[in-house]
Each structure stands twice: as structure tokens, then as C-alpha cells.
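The values are calculated or read from the model by the stated rules, or taken from the named source; none is laboratory data. As the structure is a prediction and not an experimental result, all values here were calculated from the model. With ideal geometry, Cβ positions are generated from the backbone for all residues, glycine too; neighbour counts draw on all protein chains shown. Only protein heavy atoms, including side chains, enter the accessible area calculation; ligands, DNA and RNA are left aside. Shrake-Rupley method; radii C 1.70, N 1.55, O 1.52, S 1.80 Å.
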Amino acid sequence: MIEIKNIIKDFNNVRVLHGIDGKFLPGQPNLIIGSSGTGKTVLLKCMVGLLAPDEGDVVYDQRNFHKSKKDEIREIRREIGMLFQGGALFDSKNVEQNVSFPLDLLTDTPRDEKLDRVNFVLKRVGLENVNKKMPSEISGGMKKRVGIARAIVNNSRYLYCDEPNSGLDPLTAIVIDHLIEEITEEFNITTIVVTHDMNSVMEIGEYVLFMHQGRKLWEGSKNEILTADVKELQDFVYSNKLLKAVRNEKHV
Amino acid sequence: MQIIGRYFLFLHSLIIKRESFNTYVRLIIDECIKVGINSIFIVAIVSTFIGAVTAVQTAYNIVSPLIPNYVVSLVVRDMTLLELAPTITAIVFAGKVGSNISGELGTMRISEQIDALEVMGINSSSFLVLPKIIACLLMYPLLVILAGFLALIGGYLAATLTGAMTPDEFIYGIRADFIEYNVTFALIKSVVFAFLISSISAFTGYFTIGGALEVGRASTKAVTSSCIAILSADYLLAQLLL
Ligand SMILES: Nc1ncnc2c1ncn2[C@@H]1O[C@H](COP(=O)(O)OP(=O)(O)O)[C@@H](O)[C@H]1O
Ligand SMILES: [Mg+2]
């Protein structure tokens, strides 16, 4: 479980995050949604420690991340996996080397075991026989899969995904969303997905935190989101033409 | 001024090392190979021609019958050893290896590969940059030695093939009034230059913000800043050590 309490972040005296609270449970996808520029990525970076929040706490299963000692922070970081927007695969390494990288650097796993583990996670994300391909030789969807494989290879307990389906066609996007959902449930990971895609929300939004201009305006599940009475959220939800059409249909 | 402060903070972040020694050894060897392969060809060509040109021009300028012929190769030797081999090679090295380092780190930054390392709990600056700097410190003096050697060969070929002097005269000139300290000085210079080029290029690349355009800009800046630093250091070292 990850808890955030009153996260505040300024850039050059401009407040980007105005005190955000939230509680993210393991075994289900937790979504942070909001339109572009509302501070979702900044919040995520504060949570994984790429940025230091000006105020507030990030608590990983009773361990206060930003108030821990260096060694403890390192310990927590090793339990965190992150899928970046573009995959962030290392260009100079092939798929297998990319996935095995956290094991190479952070563990003493023997070579055979590492290879087994790498092949296991690659198979789990639906990739086989691409071990020796370079990142430049595989498609966007495959890069995301490799990114997920790398994020979970070291038995991560926490998984962050920043816009996992940006740059993907709608079909592949849904496949990736479901892959994240399945893996989360299967390995009981605490997963946080940042997105502005309503399709993802309707597919996997067990818990949804809606942000607007650096503030949390709403939280709930996908079943409640269509009827929530927060104006900004309604604007966001029904900016999706399809959902708007469905709503108008119902009204008639 | 602020930039210089950030540069020193950056250097400090490199030495708080965290990964195992073995990891670094492997990375350093990889980088050495990259640095060497990247620059050896251009360094060889440039230094050979510079030696040749120096020889021809010196021979052309010394017309007085009072000055013996062997002075030409003596001049070639001192010029290349003191200045041309370490400094001109440094400029070439900055253009080739410096821009490469900056471009590579810049690309890793904008494609979030550096963030990915940080999230894993790896000190990205020392993991990525330290091996590059050490590789340059190891390889660059070797390149300078090679450059000095090839410059003399270039001078020899130019001087003897044009008939400006005989092979014996050239060899005699090379050995006349030889000051060993000049070699030490050249090597000191090369270590300093290697450090400046690699660390400045890494610095500009590592802190790239933006997209592909900015990566290109960072590479260019890496080369210009390195060149300025090289020439200033060149002057300072000459003042201090000669
Ligand atoms: N490093 C930074 N320095 C200054 N401002 C930043 C920085 N990173 C993000 N911001 C600002 O914070 C705001 C939120 O950005 P971001 O979190 O990337 O939005 P999104 O919700 O689209 O992910 C934006 O206005 C952006 O300009
Ligand atoms: Mg974002």
C-alpha cells in the first residue's frame, strides 16, 4: 500500500501541487487522471523520488520515503518498478539485457537464474523470441511490454506507469492496460497508472483519483465516475466524444 | 558563475560511488574501446598532416645559409611535442568524443533513460559519466603519444620526400638538444585536457532539457565550451609549468 499525504510542490514559486492526499491499495490498478499539465507527472516523480516534494509524505507500507535514511530509501527504490512514457529502454542494450539490467546491478543472482527469470517475465508480458532484438527494432507496443517486464523483473512490489498507452493504437492500448491489470492482480503489486485516457479509466479504473490544476477534486471507482457531480470531472469525462454520445442517448 | 558552481556539484556527485567495483571495470573497458575506435583514425590523419605541414613551412621559412638544416626537424619535434600533439589533438578529440558523450547523455536524458536508472536506485551520474571520464583519462594520453609519433613521421616524410633535408639530418635534428621534461609536460597537458573535455561534455549532455533539438545544441555547446577550456588551460599550464 502506498499513502500520500498533503504533497506540495513548487517550481520557481509557482505551486504545481496544492496538497494531494491519496491511498493506493495493492492488487488493483490505481489511476491518477486529469488533463495535460495538471501535475500528474510531477506527482509521480515526487512519489518515486525523482523530485523532492516541498511538503508532505509518501509512505510505502509504513515506511516514510522522503524521511528515511539513504540505505532505507535505496531499499524501497529496489522494490519500485516504473514504466516510462516512451519505454525508456537503454538504446545500447538488447531486449534481454534491458530486462536483466536491474538483476545485474541490484542483485547477485547467478547467471542461469537471471536468464530464467528474464525469460519468465518476457513470456508473461507476451514476448517470446525477441531477446536479441535492439529497442530500435521493435514496435511501440513491444517497447511498453519490455518496459513492463523490466519494471517487474526484480519482484517489484510497487509499479508506476506514466501514460502507458500514449502513442499506441486503441487496440494495443487496451491490451497493455489489461496486461498491467493482470500483472497487478497476479503478483499483488501496488500499481499506480497515470493517464488522461478515458478508455483506460473505463477498462481498469478500480480506484481513480482525479486531479485538476494541481488539486485532487474527486476519488472513486469507474462505476461512480460517470455520475459524479464535480463539474471539472464531468468536463473531463465527457470531452470523450463517445461517452458524450452515450450520455446524450440516455437523456433522450 | 552559477553554471560553474553546478559543474562542481556535478563532479562531486560522480565520486559518491555506489555500484560495485566490478561493474565499473566492465563499463570502463567498454568506454575505452568506444573512445579509442571513435577517435584514432581522425587523430592519426590530423597529426600526420600537421607534422608534414610544420616541416614544409619551417623549411620554407628558414632560408638563411647560417642555420643548419637539422633545425627544421628540431622545430617540428618541439612544436608537436609541446603544442600540436596535445592541444590540436584535444580540439579534434573534443569534436569527436566530446560531442559523442554529450549527445549520448542528452539522448538518455530526454528519453527518460536517466530517470529510469535513478528510479532503480542507481546513481546515474556516476554510473554513466565516471566510466567515460576515466576512459578518456586512460586513452587520451595514448592518443597524444600516437599523435606525436605520427607527426614526426609526417614531418620526416615531407622533409625528405621534398628533398628539403636528408634522412640523417632529420634524425639528427630530432635528437638534438632534446629536453625530456617536454614529454612529461605533454602528458600532464593531455591528462588535464582529457578531464576537461570529458567532464564538460558530460555536464552539458547530462543536464539537457527538451527534445532532439536541444540534444544537438548540447553537443555543439560541449565542443565550444571544451575548446575554450582547453585553450585557457593550455595557457595556464604553460605559465605554471614551463
Ligand atoms: N522541472 C520543472 N520545472 C518547472 N516547471 C515544471 C517542471 N516540471 C513540470 N513543470 C510544470 O508543472 C506543471 C505540471 O506538469 P506535468 O506534471 O508534466 O503535467 P501532466 O499532468 O501533463 O503530467 C506544468 O505546468 C509544467 O510546466
Ligand atoms: Mg505527464
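Details
- Any chance A:Lys143 is outside any loop (DSSP other than H, G, I, E, B), away from ligand 1 (no atom under 16 Å from the Cβ), within 12 Å of another protein chain (Cβ to nearest Cβ) and basic (Lys, Arg): yes
- Residue in the stretch B:101-122 that is more than 14 Å from chain A (Cβ to nearest Cβ), surrounded by fewer than 21 Cβ atoms within 10 Å (Cβ to Cβ) and either in a helix (DSSP H, G or I) or in contact (Cβ under 8 Å) with a residue 40 or more places away in the chain (or both) present: no
- Only one entry in A:Glu72, A:Glu113, A:Glu128 is assigned to a helix (DSSP H, G or I) and either among the small types (Gly, Ala, Ser) or over 18 Å from B:Glu118 (Cα atoms) (or both), namely A:Glu113.
- For the stretch A:1-48, the tally of residues that are out of contact with any Gly (no Cβ under 9 Å at 6 or more places or on another chain), open to solvent by 60 Å² or more (accessible area, probe 1.4 Å) and under 19 Å from A:Asp61 (Cα atoms) stands at 2.
- Complete set of residues in the stretch A:75-88 that are small (Gly, Ala, Ser), part of a strand (DSSP E or B) and within 16 Å of ligand 1 (Cβ to nearest atom): none
- Within the stretch A:109-160, if we keep just the residues that are among the polar types (S, T, N, Q) and at negative phi, the residue that is most open to solvent (accessible area, probe 1.4 Å) turns out to be A:Ser136.
One line per residue, one yes/no per condition, for (1) facing another protein chain (nearest Cβ under 8 Å); (2) within 16 Å of ligand 2 (Cβ to nearest atom); (3) charged (D, E, K, R):
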position	(1), (2), (3)
A:Arg74	yes, no, yes
A:Glu79	no, no, yes
A:Met82	yes, yes, no
A:Phe90	yes, no, no
A:Val95	no, no, no
A:Ser100	no, no, no
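- Restricting the stretch A:207-231 to residues that are in contact (Cβ under 8 Å) with a residue 40 or more places away in the chain and touching a helix residue (DSSP H, G or I) at 6+ places or on another chain (Cβ under 7 Å), the residue that is nearest to ligand 2 (Cβ to nearest atom): A:Met211
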